[in-house]
Amino acid sequence: MRIAIPILWLLLAGAAAQAGEADVKAAQSVIDGQIAAFRAGDNVAAYGLASPGIKRIFPTLESFMAMVGGYQPVYRPKSYAFGKADELGNGRILQRVMVVGPDGKDYEAVYMMERQPDGTFRISGVSLHEANTVST
């Protein structure tokens with residue numbers, strides 16, 4: 001029985017790690033979806049991926065899009081790649097995204113992702129700043 005408990009603990013820890021990876025992939029899929037919607041001009045679909053908290057702050061599509069206009073690197077990226085993700089507990093994930101903006105500059109967008117009661121993730125905030133890059 002002493003051997004079974006550590007093995008069970010390892011199996012449970014492995015299952016938790018897999019669930020974490022699945023959550024990060026699900027959160028990244030939402031970010032991909034919103035960027036794809038912006039690129040396609042489907043602002044309704046992009047707004048649909050915002051959390052209820054964001055929708056309370058920006059209750060109309062027009063107000064949401066007015067805000068998004070200040071985030072050109074994520075609204076109209078030339079390219080992007082996912083960086084480090086941190087699981088913060090309580091269904092929240094902080095996902096870093098490296099972005100090349102329409103101006104050709106490098107940015108880091110930090111997305112706060114929030115699990116909804118139905119299990120899906122939605123975007124509850126984005127912080128954007130110019131990336132610190134070193135030219136050689």
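The values are calculated or read from the model by the stated rules, or taken from the named source; none is laboratory data. The model shown is predicted, which means the values in this text are computed figures rather than measured ones. Glycine gets a Cβ as well: all are built from the backbone with ideal geometry, and neighbour counts include every protein chain shown. Surface accessibility is based on the protein's heavy atoms, side chains included, excluding ligands, DNA and RNA. Shrake-Rupley method; radii C 1.70, N 1.55, O 1.52, S 1.80 Å.
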Legend entry - Whole-Hz ³J(HN,Hα) from phi, Karplus 6.51 cos²θ - 1.76 cosθ + 1.60, for the range 117-127, glycine and proline x: x, 7, x, 7, 9, 9, 7, 10, x, 9, 10
Legend entry - Two-site label geometry, Ser29 and Leu94: point separation in nm, points 7 Å out along Cα→Cβ: 2.5 nm
Inset, instruction - May I ask you to list the aspartates and glutamates whose Cα is less than 13 Å away from that of Lys105, ignoring any residue fewer than eight positions away on the same chain? - result: Glu130
Inset, instruction - Please label the shape of the range 43-136 as rounded, prolate or oblate, based on the square roots a ≥ b ≥ c of the eigenvalues of the alpha-carbon gyration tensor (a/c under 1.5 means rounded; beyond that, a/b larger than b/c means prolate, else oblate). - result: oblate
Legend entry - Label-point separation in nm, Asn43 to Ala22, each point 7 Å along Cα→Cβ: 3.7 nm
Legend entry - Long-range HN-HN contacts of Arg76 with modeled amide H, under 5 Å: none
Inset, instruction - State the percentage of accessible surface on the range 18-98 attributable to carbon and sulfur atoms; use a 1.4 Å probe and exclude ligands, DNA and RNA. - result: 56 percent
Legend entry - In the range 75-136, the trypsin sites (Lys or Arg not before Pro) that fall in loop regions by DSSP, at most 16 other Cβ within 10 Å: Lys78, Lys105
Legend entry - Reachable lysines, given that their alpha-carbon falls under 21 Å from the alpha-carbon of Lys25 and they are not under 8 places away in the same chain: Lys84
Legend entry - Under the Karplus curve 6.51 cos²θ - 1.76 cosθ + 1.60, θ = phi - 60°, whole-Hz ³J(HN,Hα) for the range 70-84, x wherever Gly or Pro sits: x, 10, 3, x, 8, 6, 9, x, 6, 7, 7, 8, 6, x, 5
